[in-house]
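The structure appears below as C-alpha cells.
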Amino acid sequence: MSADTESGFANRNLAVDMPGVEWRAVAKSVGITLLLGLLAAPLVAGSSYIGYVALTVVIFAVMASGYNLMLGWPNLLVFCPAALAIIGGVTSALLVNVFGVPYLVAMVSGGVVAAVIGGFIAFSAIAIGSSFEIIIATLAFEEIVYYVFTNWHAVGPTGISNVPAPTAGPLTFQTQLEQYLFLLVMLTISIGIVAVFDRSLTGTLTVATSENEDLLRSIGYNPKKYKFIAVVVGALLLGIGGSLYAHVNGLITPGGFTLDQTVFLLVIAVVGGIRTVHGPIVGAIVLVGLPEVVRMFGLSNMKPYIIGGMLVVVVLFFPRGILGGLYDAIDNRGDLSWQFWK
Amino acid sequence: SSFGGGGGGTIKLGAINPLSGSAAFYGELATKAQTAWKEQVNENGGIEVDGSTRQVELVEYDDESKNSAARSAAKRLATVDDVSMILSSWRSTGAIAVAPIANQNEVPTFTHGFTPQVNDPGTYMMRLTVSTVMDAYPALQQVEKSDEIQNIGVIAETGDWGDDTLALMDWWFNESGHEGDYKNLGRFSFSQQDFSSYLTKAKQAYNNGEIDALYVQTWASAMQRFLAQQHREGLHEMMPILTGLGGADFNSVDDVGEAMENVYALGVYTRLSYADNDAIAETISDEALTQFDQYKQLDAPMHPVAFNVYADAQISQRGIEEAGSTEGAEIRNALVGTEFTTLIGDATINDRGQPAIPGALIKFGTDGDTPVVDEVPWSGQLPPITSIPPETDL
Amino acid sequence: MTDLLTVDDVHVSYGDMEVIRDANLSVPEGEVVSIVGANGAGKTTLLDTVSGVKDIDSGDIEFEGESVVGYEPYERIDKGLAYVPERHRVFPEMTVAENLRTAMIPASDVDESAQLDRVFDLFPILSERQSQVASTMSGGQQQMLAIAQGLVIDPDLIMFDEPTLGLAPKIVEDIRDTISEISESGVTVLVADEQIEFAKHVSDRMYLMRKNTLNYLGERGEFEDAYQETVDNVFA
Amino acid sequence: MVLLETLVNGLIQGSIYALFAASFTIIFGVMDIPNMAHAALFAGGAYVFYQATILTGLPWPVGIVVAVIAIGLLGAILERGIFARLYDRTESEYVFAIILATLGLARIFERAFAQVWGHEPKEVPLAGLQSGSLHAAGVTVTSLELLVFIFSIASFAFLYWVINHTETGLGLQAIVQDRDLARLKGVNVGRTFLIAFVLGSSMAGVAGVLNAAMFSLTPDMGSSLLIKAFIVVILGGIGRVVGAAVAGYALGIYEAFAILYLSSYYIYATEFAVLILFFLLKAVVLSEGEDDLGAAIADRVRGLTEVTR
Amino acid sequence: MAILEVTELNRSFGGIVALDGVTFTLERGTTNAIIGPNGAGKTTLFNCITGYHIPDGGTVEFDGEDITTVPDYKTARQGVRRTFQEVDVFDELTVAENISLASFESDPEELMELLDLIEIHDKEGSELTLFERKRVSLALASEGDLLLLDEVFSGLNPTEKPEMIDYIDALAERKTIMLIEHDIETAFNLADTVTVLAQGQVMHTGTPEEMLEDEQVREEYIGEMAI
Ligand SMILES: Nc1ncnc2c1ncn2[C@@H]1O[C@H](COP(=O)(O)OP(=O)(O)OP(=O)(O)O)[C@@H](O)[C@H]1O
Ligand SMILES: Nc1ncnc2c1ncn2[C@@H]1O[C@H](COP(=O)(O)OP(=O)(O)OP(=O)(O)O)[C@@H](O)[C@H]1O
Ligand SMILES: [Mg+2]
Ligand SMILES: [Mg+2]
C-alpha cells in the first residue's frame, strides 16, 4: 500500500507541475470540444431549424463559459453577465456598422471593452466583499447599462438591427453551416481559455480564494489579483459572446439583455456544472434544446412547469450540475481511466 | 404544403403569441380569437385557393414575451412548419426580431408591434394595428380644434413608444407650428404601480396654468391603473385626460367605472363595443357591423384586441384568396394596396406594411358609475404613418 | 448514590464507520466524571449522543432515571442537561449578551438575571464586553463565553468537551476551581479532555476512551495508576 | 404645499416598497433565504383573497384569513419540501441552490395563477377602502393608502418585536449563524425556521391583498417589487428591521422627489448608481473586523476629532 | 543581527486597546515564546507583524526593512509566515497541493518528508485529523525565515505533543520562530526567550528560567499547576 502511494506520488510529481499549465489536459478539453462540434456539423447543413438552434447553443455556450469563470472559480456572485455581453455586442456592432471596422477587430474590441468594464466590476465586487451586496450592486449595474443603452441614440430601446454577418478577412460567414463552423472555432478558443485557466496555478489559486482568503494571503498570494483575473477574463468571453450574438442574429436589443438573460446564463452554468470546463456547453444544449423538445411533444403550455420543475430537481439532486454530478459519480466508482476527459 | 397540390392539402398558418410573460394577456386573447376564426373557416369548408377549398391548420408558438423566443418561433414556422403566413407577432422589439426572418423567407407576418422600424418598403411585416404616432393624432386634432385646451402636459412610458410620442409632440407643436404647446411631465416604466407623483406634478402644472389637459401615452393595464388613480385623486374633475388606444381598448372599460369621466381616447376596435351608441354607430360602416354580428355568434372574446386579431385573420384569408396561392410573395402582393372590408371597417395596407384604418376619438362620460360615450369629436380614416416626423398629415 | 446519567451498551456510527462500540458509562449525582483519550477516539461523539445532537444506533441513555433516547437537544436541555462543545463554538455575529440569552432559550425555569450575575462573577471580562461581537473576541475569551453559555441554564448535569483548550494557565486554574465549586453546589459534571493532568485534578471518576471503546479506570485514587498502565501499554 | 404632497406621495410609494420588503426582511434579511418566489407568494395571497371574496362571495375579513392560512401553508410546504433540504450546503452552493430553485418555483406559480385565474388584470375591492378618502392640509389620501401606510409600519414594528424580543427571533439568528451549534444549544431548529418562514409567507400574502386592492391583480404583480425589496433589505443592513423600514420609505420619497425635480429617464439609473456608491463607500469605511457602519463612521469621526484636538 | 524589531506598536478596535506600545526584538535563529493571559493581544500582535492588520501606530522592521504597512501577502513573500489559531489548510486541495502552493524556494517534498506527510500526501485537506492539519499548516508556514506560530500545541494529546516538539525543533535549526503558547511546559522547553504580554503591553522578557523565578509572572499568569 505505502509503496504504491509513494510511486504514485513520484509519478504525479506535483511539486513540479503545480506552477505551470497542464497543457495535455488543456489539449484534451479543446480537442473534445472541436471533435464533437465537428461531428454535429452535418446537422447544421442547409438552413435547417436544428442548425439554427445549434448556433444559439454555441453562442450561449461561449457566454456561459465566461460567466462560469466568474461564478465557478472565485465564487463571485456577479449578476450582470448580460450587461457585459451586450456591451461587447453593441461595441462590435457599432464598430462594424458605423466605422466599417473589420469584424474580427470589432469582435476583439467588443471583448476588450467588456473586459475593461469587467475590470471595474471586479474591482467593485472585491471591495464590496459581501456576496448579497455584490449580487445587488451588479444587478444595479445591469439596470444602469440597460437605461443607458435604451436612452442612447445609437442604440435605443429597439436596439441595433441590420448588423452584418461575421467575416474573417475575405471570408464571410453567411450560411448557417459557415456560421456554425466559425462559432465552433470561437467556442473552442473559449473552452481553451477556460481550460488553461482551470489547469494552471492561477486557476488553483482562484479556487483557493473562495475557500480561505486569509490563509492564501498568509502564504504570499493576493486573492484580489486572482478574483480580478477571473472576472476580467470572464468578461472578455462574455463580450465576445455578445458580439457573436449580435452578428449572427443581425440584431441586438437592450431589452433582451436584462435580468432574464442573466438568469438564463446562470441557469445554463449551474445546470451544466459550475466550475467544469465543459459544463456551459452541456447546460446550453439542455436549456436551449429543452424548449424545442417540449415543443416537439406539443407541451408548449407546460413549459414553465417543465423548466421550473427541472430547476428544482437539479438543485435538489444534482447540486454540482449535470457534468459535475457525472464526474463525481465517475470519481466515486474509482475508475480513473474515465477521467481522461475531465 | 407537404400534402402536395390539389384540394386535399391544408393551408398552414402560423401564430407567435405571448402565452406567458408580461404580454401573456394579449396572447391569451389572440389564441382564442384565432381558434374561433379557424373553426369558423373550416366549418365553411376552408379557404378557397385557385378553385379548391382547403382546410386551415394553425401552428402556434409561445414567444414568452421575449424577442429571442419570438425569433426562434418565426424561424421554426418559416423553415420547419413551412407556413404560408404568420397571423400574429407581438411587441415592437419582437417585430424587429421577427422581421428579418419574415423577409428572408418571404412569410407575410401580421404584427402588433408599433415601431416604424420594420416598415421598409417591400417588407413582409404588415399590420392593422395603430402605430404610436397614429395613436396621438386624433388627440392632437382635438387640441387644435378646442379653445379650452391650448397646452398639454405629457406623461409617457420609458422606451421607444414614449420616445416616439415625445418626438411627435415636438414636431407637432414646435416644428410644424401648430397652436399650443406641450410640457414633458415625466416618463414612467410600464410596470409602474403608483402614479401619485406624476399626478401631483400634473396638478401643480395645471394649477400654475401651465397646462389645460394631460396626454398620457401608455398601454392597457398601465393606463387602467393610471385612470383609476387619477380618478381617486380627483384629477378628472379639473382637467381632461387625452390618450390613444390604451385609454379605450383595455380589458374592460366598465371596470374603470367613473374614472372614464372626462377622458378622450382613440377608439379603433373599441368602437365595436359601443356600437349601440348612436354617435359611435355612425362611424362604423354597415358591412363592418354585419361582420361584427357574425363575430358575436362565435366563441370568441368580446375584447377589442381580439377584434383586431380577428380582423388580421380576415385580411389574411382575403389575401390568400385574392392571390390564389399559398406562396408568401404572392400573398403579399395581393395584400398590398387592396381595400378589404373587415369587422373593424375598410382597411388598406401599403407597401411598407402600414394600415389606413377607420377610427374615432371618443369623449367618455359616465352614467352612474358606468362609462358611456359622451360625444365623438373626431372620426374618419387613420392614415398610415410610418415615421417621425410623420410623412402624412391628416 | 444514584446515577444521574447512565449510558448503556451504546453503539454509534457515522455512515458505515462505527465510532463508538458498546459504551457503558455512569455518572453519579454530584460527582465529576471525566473521559480521557486520544484524538479521534470518540469522546466528542459520545457527548454528542448524550446531548441529543447525534443519534445512537442501539443502546440506551438515561438521564435522571428516564430514557432520553429520541429526545431533541432542546428537550434534554430543558431537563437540565447542559453541553459545552469543543473549540469555543459561539454564535459569531451575536454579542456576548445575545449569546448568553440564546443559550437560555430552552431552559424554561431559570432566574435569568441571577444566572447572568453568576457567570459574570466567574468571568468578569464577559461582563465588561457584553456588547462585543463574539467573533472579535480572543480565542480564550470565546472559550469563556462558551463555558458561560453552559452554566447560565443552571443545569443538573453539565458536559464539557475540552474545556481548557486555548485557555491561559491561570484561567485553567480558575476553571478547575469552578468545576469543583459547581460540583459542590450539587451540579454533576462530565468532562472530556485530553489533558490528563487537568482531568486527574478535577475528577472523582475517570474513563478512558480508546479506539471506539470506553474503559472505566476507577475512582479518585485508583485511576492514576490504571491510566499510567494503559498509557504504557498502548502508547509505548 | 407641493412639497408636502410629494412627501406624502413618497410615503405612499415607500409604504408599498416597505409592505413588500417587510415580509422579505424576515425571509431574506434574517433567514438568509433569497427567495425569488416571494413575489409569487405575494400575488398568491391576492388571488386567494380574490377567489374567496369576489368569486366565492365570502366577506373580506374571512378572505384575509383564508389568504393568510393558504399562503402560510404554501410557505410551510416550500420550507419543508425544498429549502430544508438545502440548509447544509456550503454558502455559495446554498445561494445558487436557493436562487435557482425559487426561480423555478416562481415560474411554476406564475403559470399556475395565470392558468387558473387568467392573465387579465383584476380589480380587487377591499371593504370599499379605495373610494374613501381623507383631506388634510390640502393633501388627499385614500383610506386604503392610509391603511397600507399603517399596516407597513405595523408590520415592521411586529417584526422588530419578533426578531429582537422573542425567543423565536433570537433562535432564528442563532440558526442562521451556526445551525449545528444552535441545535446543540437547544434551539428547536426545524420548528423555528418553519414558523419564521410561514410568518414571512403569510405577511407576503396579506401585503399582496393590499397591493392588489391599491392597483390591480396580475400574476406578475410583485416581480418589479422584488428587486426593490432586495435593495431595501440590503441597504437597511441584512437582518436589521429598522434599517429596512427606513430604506423602504427613503426609496419611495427619493423617487417621488426625483419625479418632481429630475423629470428624466435617469430616476432609476441614478437610484442604482447611488446604491452602488453606497456599497463602495461602506466597503471603504468599514475596515477589517468591523461590521457596524454606524459604529465605524462614529469611530472615524472620533479619530478625526482626536487628531485635531 | 536582529531579524525583527517591533517598536511602540499600538492597535485598538473601537474602544478596546489590544496592543499598547509593544516593543521587542528577535534575534535571528532563536526560538521565542509569547505567553500571556487570554485577550492579552498575542494574536493581534501576530496580525500586526504580518500586515494582516495595519497597526494604529509604531513600527515593525523585518531584516532591517520597515514592513509596518506592508500587506500580509507581501510580508509572506518577504519571509514572514504565520499559522492561524484556528487551524487552517485548503480543504479542497490535497496535502501535496497545499504544500506546493506555499513553497516558492523550498522543496515541498523535503518539507513533507520532514513533517511526515509523505504518507498522506494524497489526502484532501477536509479528510485530515487535527494533528495532520496542524502539520500541514506548519508546512504552509515553513517557507519563511520568521515563523509565527499561534498555539500550535493546543488540542494535541500527550503523545502527539512530543512529536510536534520534534518538528518544531527541526524547523528551528533553520528558522527564527516565535510561538504563542498556553502550555507553559512546552513553551519553556522550546524557547530561548520568553515574552509575557498582558493587556497589550510587554510585562517581562527573559529566559524561561528567569520567568519561572519571577514572582509576579508566576502569580498572575502561570499559576502553580503548570509547573
Ligand atoms: N461528522 C462526522 N462524519 C464522519 N466521521 C466523523 C464525524 N465526526 C467524527 N467522526 C469520526 O468519529 C471518530 C470519533 O471522533 P470524535 O470527534 O468523537 O473524537 P474525539 O475523541 O472527540 O477526538 P478529539 O480529541 O480530536 O476531539 C473519529 O474517527 C472521527 O473521524
Ligand atoms: N476585530 C476585533 N474587534 C474588536 N476587538 C478585538 C478584535 N480582535 C481582537 N479584539 C480584542 O483585542 C484583544 C486582544 O485579542 P487577541 O486575539 O490578540 O488576544 P490573544 O492574546 O491572542 O488571546 P487568546 O490567548 O485568548 O487567543 C481582546 O480583548 C479581543 O477581544
Ligand atoms: Mg473531540
Ligand atoms: Mg489568540
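Brief remarks on what is shown
- Cα gyration tensor, the stretch A:25-131 - rounded (a/c under 1.5), prolate or oblate: oblate
- Most mobile listed residue (E:Ala33, E:Ala170, E:Ala18) in chain E, GNM with C-alpha springs under 10 Å: E:Ala170
- Two-decimal log10 I(q)/I(0) for the stretch B:1-117, as the Debye equation yields it once each C-alpha is a single scatterer, q = 0.11, 0.19 Å⁻¹: -0.35, -0.96
- The radius of gyration of the Cα set in the stretch E:130-174, together with its Dmax, comes out at 10.2, 29 angstrom.
- For the stretch E:2-222, alpha-carbon Rg relative to the globular expectation (2.2 N^0.38 Å, N residues): 0.99
- Pairwise FRET efficiency - E:Glu185 versus E:Glu124, Cβ, R0 = 25 Å, nearest 0.05: 0.15
- Accessible area per residue for chain C, computed on protein heavy atoms with a 1.4 Å probe, is 39 Å².
- Shape category assigned to the stretch D:1-106 from the gyration tensor of Cα positions, a/c cut at 1.5: oblate
- Projected-area mean, the stretch B:58-112, by convex hull of Cα positions, square nanometres: 3.0 nm²
- Remark: the stretch A:38-255 carries 30 Å² of accessible area per residue (probe radius 1.4 Å; ligands, DNA and RNA excluded).
- Over chain B, the ratio between the Cα radius of gyration and 2.2 N^0.38 Å evaluates to 0.98.
- q = 0.10, 0.18, 0.25, 0.26 Å⁻¹, the stretch E:1-91: log10 I(q)/I(0) [Debye, one scatterer per Cα]: -0.25, -0.82, -1.47, -1.54
- When +1 charges are put on Lys and Arg Cβ atoms and -1 charges on Asp and Glu Cβ atoms, the dipole computed for the stretch A:38-255 relative to its Cα centre reaches about 280 debye.
- For the segment A:123-135, counting C-beta atoms of other chains within 10 Å of every residue's C-beta and taking the mean gives 5.
- Along each principal axis, Cα extent of the stretch D:1-262, largest first, Å: 59, 40, 32
- Largest mean-square fluctuation among A:Leu244, A:Leu311, A:Leu259, in a Gaussian network model of chain A whose springs join Cα atoms under 10 Å apart, belongs to A:Leu311.
- Computed with a 1.4 Å probe over protein heavy atoms only, the accessible surface of the stretch E:2-222 comes to 37 Å² per residue.
- Counting Cβ atoms of other protein chains within 10 Å of each residue's Cβ and taking the mean over peptide B:195-205 gives 6.
- Angle between chain C longest axis and helix C:139-151 axis [Cα atoms, degrees, rounded to 10]: 80 degrees
- In terms of its alpha-carbon gyration tensor, the stretch C:88-190 comes out oblate; a/c meets the 1.5 threshold, while b/c is at least as large as a/b.
- For a straight C-alpha distance cut-off of 12 angstrom, the aspartates and glutamates reachable from B:Lys32 (same-chain residues fewer than eight places away being disregarded) are B:Glu60, B:Asp299.
- Residues of type aspartates and glutamates that D:Lys122 reaches as a straight line, Cα spacing below 13 Å, ignoring anything fewer than 8 places off in the same chain: B:Asp254, B:Asp255, D:Asp220
- Qualifying chymotrypsin sites (Phe, Trp or Tyr not before Pro) in the stretch A:242-327, DSSP loop, other Cβ atoms within 10 Å at most 16: A:Phe297
- Candidate lysines for bridging to B:Lys38, where Cα separation is under 21 Å - those fewer than 8 sequence places away on the same chain excluded: B:Lys12, B:Lys296
- Beta bridges per DSSP, both residues in chain E: antiparallel share near 60 percent.
- Globularity ratio of the protein assembly as shown, using Cα Rg and 2.2 N^0.38 Å: 1.05
- Candidates B:Gly186, B:Gly177, B:Gly27: whichever shows maximal mean-square fluctuation once chain B is modelled as a Gaussian network with Cα springs under 10 Å: B:Gly177
- Considering only chain B, percent of DSSP beta bridges that pair antiparallel, nearest 5: 40 percent
- Helical segments meeting 27 Å axial Cα length and Kyte-Doolittle -0.5 threshold in chain E (DSSP H): none
- With all projection directions averaged, the alpha carbon convex hull of chain A covers 19.4 nm².
- From its DSSP helices (H runs of at least four residues, each -39,500 (n - 2.57)), the protein assembly as shown gives a residue-normalised ellipticity at 222 nm of -16500 deg cm²/dmol.
- Shielding of peptide E:125-134 by partners, expressed as the average count of other chain Cβ atoms within 10 Å per residue Cβ, is 1.
- In degrees, nearest ten, helix C:169-184 long axis to first principal axis of chain C (Cα): 80 degrees
- Relative contact order, percent, chain A [alpha-carbon distance under 8 Å, six or more residues apart]: 31 percent
- The A-D contact accounts for approximately 3600 Å² of buried accessible area, totalled over both chains at a 1.4 Å probe radius.
- Loop-exposed trypsin sites (Lys or Arg not before Pro) per DSSP, neighbour cap 13 Cβ within 10 angstrom, longest uninterrupted part of chain E: E:29-173
- Interface residues of the stretch B:80-125, defined as a loss of at least 40 Å² in heavy-atom accessible area between the chain alone and the complex of all protein chains with a 1.4 Å probe, are B:Ile96, B:Gln117.
- For the stretch B:83-173, the set of GluC sites (Glu not before Pro) satisfying both a DSSP loop assignment and a count of at most 10 other C-beta atoms within 10 Å is given as B:Glu148.
- Counted over all Cα-Cα pairs of the stretch A:175-261, pairs farther apart than 19 Å make up 54 percent.
- Annotation note: chymotrypsin sites (Phe, Trp or Tyr not before Pro) in the stretch E:54-147 located in DSSP loop regions with a Cβ neighbour count of at most 14 within 10 Å are E:Phe104.
- Based on Cα contacts under 8 Å between residues 6+ apart, the stretch E:2-222 shows a relative contact order of 27 percent.
- The residue among C:Met209, D:Gly75, A:Thr33 whose Cα reaches farthest toward the positive pole of the charge dipole of the protein assembly as shown, with charges on the beta-carbon of Lys, Arg, Asp and Glu, is A:Thr33.
- For chain E, the longest site-free run once GluC sites (Glu not before Pro) in DSSP loop states with at most 10 other Cβ atoms within 10 Å are removed: E:1-104
The values are calculated or read from the model by the stated rules, or taken from the named source; none is laboratory data. As the structure is a computational prediction, the values presented were derived from the model and not from experiment. Here the Cβ is made from the backbone with ideal geometry for all residues, glycine too, and neighbour counts use every protein chain on show. Heavy atoms of the whole protein, side chains included, go into the accessibility calculation; ligands, DNA and RNA do not. Shrake-Rupley method; radii C 1.70, N 1.55, O 1.52, S 1.80 Å.
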